[in-house]
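Heads up, the thing below is written out as structure tokens.
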Amino acid sequence: MEYRELTSTEYGDIDSRILYEDNHIIVINKKAGEITQGDKTGDEPLGDTLKAFIAQRDAKPGKVFLGIPHRIDRPVSGIAMFAKTSKALERLNAMFRDGEIHKFYWALVGREPVPSEGELEDMIYRVEKQNKSYICKAGQRRADAKLARLRYRVTGRTDRYFLVEVQLLTGRHHQIRCQLAGIGCPIKGDLKYGAPRSNPDGGISLHARRITFIHPVRKEEITIEAPVPSSWKGIDSILLNGGTRQDTSNK
């Protein structure tokens, strides 16, 4: 199978965003707006671009295997993991399903959650036509609703936004976006879930920041972190320690 040849700019961009790679796994810092696999838009998915990159870099004459054990939403940035072998894919799929891979996200919200640290537990359901998830109201019962759980804590603030670290305990459709909106804290730029305005890049201020897991083949503990996009303007270094600063982002 032949893959398109990446331009030097594309090649360098992919190479600079690889966070971790070995014979079994490759992890890349996904940009907001990229899709991990093909959809109805017809845009080239990140998985296909990575296949072309690996084929070009390693001079592979045949088909490049790349499996997708988990997906993150198109407007979300951060850690995207791919399996380079079928063995790794099978094991990673089971690990994600069984909650053995610990995922942490950073979100910017315009209103401080109350309390500032806690756990959210909701029954949520997806409406396919809207590509949106909803929380079941009190007393509402739906056969398609699924339990959604996460932990969160406020780790810092600017004069307009609060930085919230979220640990996913389940993996439901639009879970973080839906549950934070459910407590009156929609994510910056997320018009679908109630944010007042969009972000300039069309993404939302939700970033898959850190992932911790036992390597599916080597059985070593692995922790990977993804730097936040430049549009976050230093929030990772300043606000992680609970500091404050004057906000200079677009208002």
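Nothing in this text is a laboratory measurement; each read-out follows from the coordinates by a stated rule. The model shown is predicted, which means the values in this text are computed figures rather than measured ones. Glycine gets a Cβ as well: all are built from the backbone with ideal geometry, and neighbour counts include every protein chain shown.
Summary table
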| item | result |
| --- | --- |
| Extreme residue, surrounded by the fewest Cβ atoms within 10 Å (Cβ to Cβ), among residues of region 38-85 that are out of contact with any strand residue (DSSP E or B) (no Cβ under 7 Å at 6 or more places or on another chain) and hydroxyl-bearing (Ser, Thr, Tyr) | Thr41 |
| Residue among Gly12, Gly38, Gly62 that is of a type outside the set (S, T, N, Q) and under 24 Å from Asn93 (Cα atoms) | Gly38 |
| Residue within region 150-168 that is out of contact with any Asp or Glu (no Cβ under 7 Å at 6 or more places or on another chain), exposed (fewer than 15 other Cβ atoms within 10 Å of the Cβ) and either without any contact (Cβ under 8 Å) to a residue 24 or more places away in the chain or of a type outside the set (Asp, Glu) (or both) present | no |
| Boolean, Leu150 is assigned to a strand (DSSP E or B) and touching a Gly at 6+ places or on another chain (Cβ under 9 Å) | no |
| Residue, surrounded by the most Cβ atoms within 10 Å (Cβ to Cβ), within region 169-189, restricted to residues that are assigned to a loop (DSSP other than H, G, I, E, B) and touching a Leu at 6+ places or on another chain (Cβ under 6 Å) | Lys188 |
| Residue satisfying all of: in region 128-149; among the charged types (D, E, K, R) and more than 19 Å from Lys103 (Cβ to Cβ); surrounded by the most Cβ atoms within 10 Å (Cβ to Cβ) among these | Lys132 |
| Restricting region 190-205 to residues that are surrounded by 23 or more Cβ atoms within 10 Å (Cβ to Cβ) and out of contact with any helix residue (DSSP H, G or I) (no Cβ under 6 Å at 6 or more places or on another chain), the residue that is farthest from Lys137 (Cα to Cα) | Gly203 |
